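The values are calculated or read from the model by the stated rules, or taken from the named source; none is laboratory data. Fair warning: this is a prediction, and the values are worked out from it, not measured in the lab. Virtual Cβ from ideal backbone geometry, glycine too; neighbours counted across all protein chains shown. These accessible areas exclude ligands, DNA and RNA; they are computed on the full protein's heavy atoms, side chains included. Shrake-Rupley method; radii C 1.70, N 1.55, O 1.52, S 1.80 Å.
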Amino acid sequence: RLQTPVGSGLEFTDKVFKEVEARILKREEVLAYFSNIGRFGGGDVSAGNIFVSMKEPKDRPLDPKTKKRMTQKDSMNAMRKDLKDIPGLARVGIQDPSQSGFSSQRGMPIEFTLRGRDWDTLAKLSESMKKKMDESGMMTDVDMDYRVGMPEVKDLPDREKAAARGVSVAS
């Protein structure tokens, strides 16, 4: 999962993705990739996904340190390092789909939700928790849905007018 800064246009995000794709293709263990901007569920042009297929283990290069064939985990860690300094890339999250959680959200192995009535407090707590998790060194690819500056639309239906027109709240 990749994200450029909030408010980035499609052209900018495409440019960043092309740099990511070029770096992925330089990796000897990579067989193929598929990328998309805008994610599958909506039109957020500042975010997208890249799916990477790896060569069979016997066809992968030897790790210079261990002298063993690169594992998927080795490759994931190397890609995190390769991609972290790309200008314009705000977030990188690398995951093994086979290790996905059972939630309907992001599919990460561990996910949790903060809820409450005060949006500003939730935003501050989320940022604080993310920072502590990043600094702990015990987790990788810590991420959250909240993005400062993300445009938002609030729709507050007039229930009485809707009911008078036969429109349910669920509709």
### Query
In region 86-121, how many residues are part of a helix (DSSP H, G or I) and modelled with pLDDT of 85 or more?
1
### Message
Cβ-Cβ under 8 Å, sequence separation 6+ or interchain: first residue in region 156-171 and of a type outside the set (Lys, Arg), partner outside any helix (DSSP H, G or I) and surrounded by 10 or more Cβ atoms within 10 Å (Cβ to Cβ). Which pairs?
### Response
Val169/Pro157
### Message
Can you find a residue that is aliphatic (A, V, I, L, M) and touching a Lys or Arg at 6+ places or on another chain (Cβ under 7 Å) anywhere in region 35-42?
### Response
no
### Query
Do we find that Phe17 is within 14 Å of the chain's Cα centre (by Cα) and loosely packed, with under 12 Cβ neighbours inside 10 Å in this structure?
no
## Note on the structure
Among residues of region 52-64 being in contact (Cβ under 8 Å) with a residue 24 or more places away in the chain and either part of a strand (DSSP E or B) or not charged (D, E, K, R) (or both), the residue farthest from Thr4 (Cα to Cα) is Pro61
### Message
Being under 15 Å from Met76 (Cα atoms) and touching a residue at least 60 places away in the same chain (Cβ under 8 Å) is the requirement here; does Leu2 meet it?
### Response
yes
### Message
Looking only at region 35-66, count every residue that is open to solvent by 90 Å² or more (accessible area, probe 1.4 Å), over 18 Å from Leu89 (Cα atoms) and under 19 Å from the mean Cα position of the chain (by Cα) and tell me the total.
### Response
1
#### Entry: Within region 59-88, tally of residues that are farther than 28 Å from Gly9 by Cβ and in contact with a strand residue (DSSP E or B) (Cβ under 7 Å, 6 or more places away or on another chain)
6
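Would you mind stating whether Ala78 is in a strand (DSSP E or B) and either open to solvent by 30 Å² or more (accessible area, probe 1.4 Å) or within 30 Å of Val6 (Cβ to Cβ) (or both)?
Spelling it out, it is not the case that Ala78 is in a strand (DSSP E or B) and either open to solvent by 30 Å² or more (accessible area, probe 1.4 Å) or within 30 Å of Val6 (Cβ to Cβ) (or both).
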